[in-house]
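Report on the structure given below.
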Amino acid sequence: MSQTTTLPTVCLRCGRASQAESALPGCPWCLEEDLCSADGLDLWECVPDEDGWDGFVVGEEIGAGGMGVVFRARQLTPSRDVALKMLSAGLVERDGARRRLLAEAEALAELDHPGILPLYASGEKDGCPWLAMKLAGGGSLAGQIPAWDGRWEEIATLAAGLADAVQHAHERGVIHRDLKPANILFDDAGRAFVADFGLAKWTQRDGGQTVSQAVLGTPAFMAPEVARGGAGAATTAADVYGLGSILYQLVSGRPPFAGPTPVETARQVVADVVKPPRVHRAGIPRDLEAVVLKALSSEPGRRYATAAALAEDLRAFAAGRPVVARQPGPAGRAWLWARRHPLPAALAAGIFGIIIVSGTVLWGALTRAKAARADAEDLVAFMVRDLPSKVSHAGQLGLLDSAFADVAAYYARQDTSDPVALARKADFEAQWVGVLKRQGRVEEARQHAGRAVNSAALAARARSAGAGAWEVLGAAHRRQAELEILDAAFDDAQAHLNAANEALEEGLARHPGDAALLMEKVEMLNEKAFWNLKQNDPVAAVKAYTEAGEVLARIPAPKSEAGADRLAQLRLAAGSMMGEALMAAKKYDEATACFADQLSRVEAACASAPGNIPLQASLKVSLNHLADCLSRQPNRPVERLVELWRREEEVAAGLVANDKTNLQWQAEWALAALALANGARLQGDAAASREWLEKTVERLAPVPVGAHNEVL
């Protein structure tokens, strides 16, 4: 969302009055002048009128920008071709323009890097400052964008070299502030150089060349904080954004933002979110896209900390290694290793043969004729119900994207009048919601939740609807309620919880004692109790938790292995449910005993099944509940609390290490660090408290704002 700022009545720069409002800072007339000038729309012709000019023989004009013009020239001593840059005639008398060109000369004099266009000489002629630089005869990157299409590793290598050059400047106190394809030049040998430091800023000193509210730079490649706060807001993070914007255009063929006017483009930079490059061009490697999007984070703190860190990730991608922006799980790391070591990988290929065969069988079953329909449905059921947990254990939730897309294509070909097929399709959509929610992809999850409700409602209304249709309808509405609670839309959440309850009651009226329906009823009541707690109604929460316990006691033994696992998880969580009810009623002693008993049972289960990820997640929840309850008591046992928080942090770290795509666990890992920061504070250890707070911030960095509001 954009920030709306009330403009000053009188502009301190131009003296004109305005009462308008804008998402951008400063006076609209000055803003238009800044942005248009930066885009090269404010030019005057300037041609030296002498052939011999301060030791140069000047040739034709080869370039022009918002501040100056560039000529091809021959330097007489030493004899070589150079690029001669000077102010446009209309800017010679402007002190700000003169200062910026002189500042560019000063900045270049401090820089000596093979990726920065070198300065050979500088001076003044008749009051006009000039610079003589290396002649880049290969043109600018802006004119070569189409030629880089699909050359992913070469793009990464090019951008890494540019990032090295920018890092060199940063280490010497210089921020470029106008990184864009037009300022990346090539020599005749194809070597790339960062050029045009005309808007450069010194981090330790600013000679007054920057007007604090001036929006200097090129809007399409400008960092949001600069577009919002003016050129004075630029830091090294703005240059990282500029490098990311160059990368974005290289991989997608267009800049991150492009409006009809410079001002509209700047407004988009401030108000809008960068679309993933794959929206514009399919086939971009996901790791490379992740690097681009991290560099273009709207919040400077979420970008790469330095240009060198960006360069390192780009080289990791080019070499087939994991990138920090998108850490793969074990399977992904194995694949990257195989790319780097093809011969050893070939020897190990037989180990993975069964996986390949399984995938082939799956696809064949999905596309077979109706005679094999039952086999296909069994495989689809496995993918929808069982595969998510198994893939999650391997740390590869992202692998489900393509698998679920195949299932979606399969259901798109099914007869939509068949209530059984509709129920299965709805179940698939509801399961997909859970996977997307765990990845922080809430908007996508919302779309699939809506489809699940629609398909399940059609299936349940059919005369031949079975218990599964009503179970899925209840689950679909519950999923919708979860998403609404995330957005604090409590009225909408209540409507979906009521709809879920009605569907489940109708299903139980038709199919009394059905285990799956009863388990979904427990899930719904737990969600309802959670909603009551968010509404500050502990009495209603106690009632819902109590009812959930009563329903749990009525559930018969499920026939399927998946159903048995689900029931075991619900029973294991029963102690937590009752503990939460007691704690909501402020019966802390009883709640503590309940949570302690629950923790003992979960620890016993973990001991009997080491490495079981769902049990580890239950252990983390149990530790958190007991610590939360103890912390609410008047004489809270600080040492015991710190012990519980430390164990919780260790379990959370293991969960995150197992699956870095699960942003719910990432957020809870951050929350565990925050608890330990509080524990250190209670123990009087200020240094440890600060250290844990820093870890909290670091761990929250990958979590999108709003994706896990309840945890945060």
Given labels modelled 7 Å from the Cα in the Cβ direction, how far is it in nm from R463 to R571? 4.1
May I have the count of lysine pairs in region 485-630 with C-alpha atoms under 25 Å apart, counting pairs 8 or more residues apart or located on different chains? 16
Inter-probe distance in nm under a simple model that places probes 7 Å from Cα toward Cβ, at D272 and E547: 4.7
I need the Debye-formula profile for region 602-664: one equal scatterer per C-alpha, no solvent, reported as log10 I(q)/I(0) at q = 0.21, 0.25 1/Å, two decimals. -0.84, -1.03
If each part is reduced to its alpha-carbon centroid, region 264-287 and region 300-322 end up apart, in Å, by 19
Set of lysines with alpha-carbon distance to K275 below 25 Å, sequence-local pairs under 8 removed: K180, K294, K437, K660
Sites matching trypsin sites (Lys or Arg not before Pro) across region 240-319 that sit in DSSP coil, with at most 14 neighbouring C-beta atoms within 10 Å: R281
For region 581-712, state what percent of all Cα-Cα pairs lands in each successive 10 Å bin, counting from 0 Å until the bin that includes the largest distance. 13, 39, 37, 12
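Bear in mind these aren't lab numbers, they're just calculated from the coordinates by the rules spelled out. Just so it is clear, the model here is predicted, and its values are computed rather than measured. Virtual Cβ from ideal backbone geometry, glycine too; neighbours counted across all protein chains shown.
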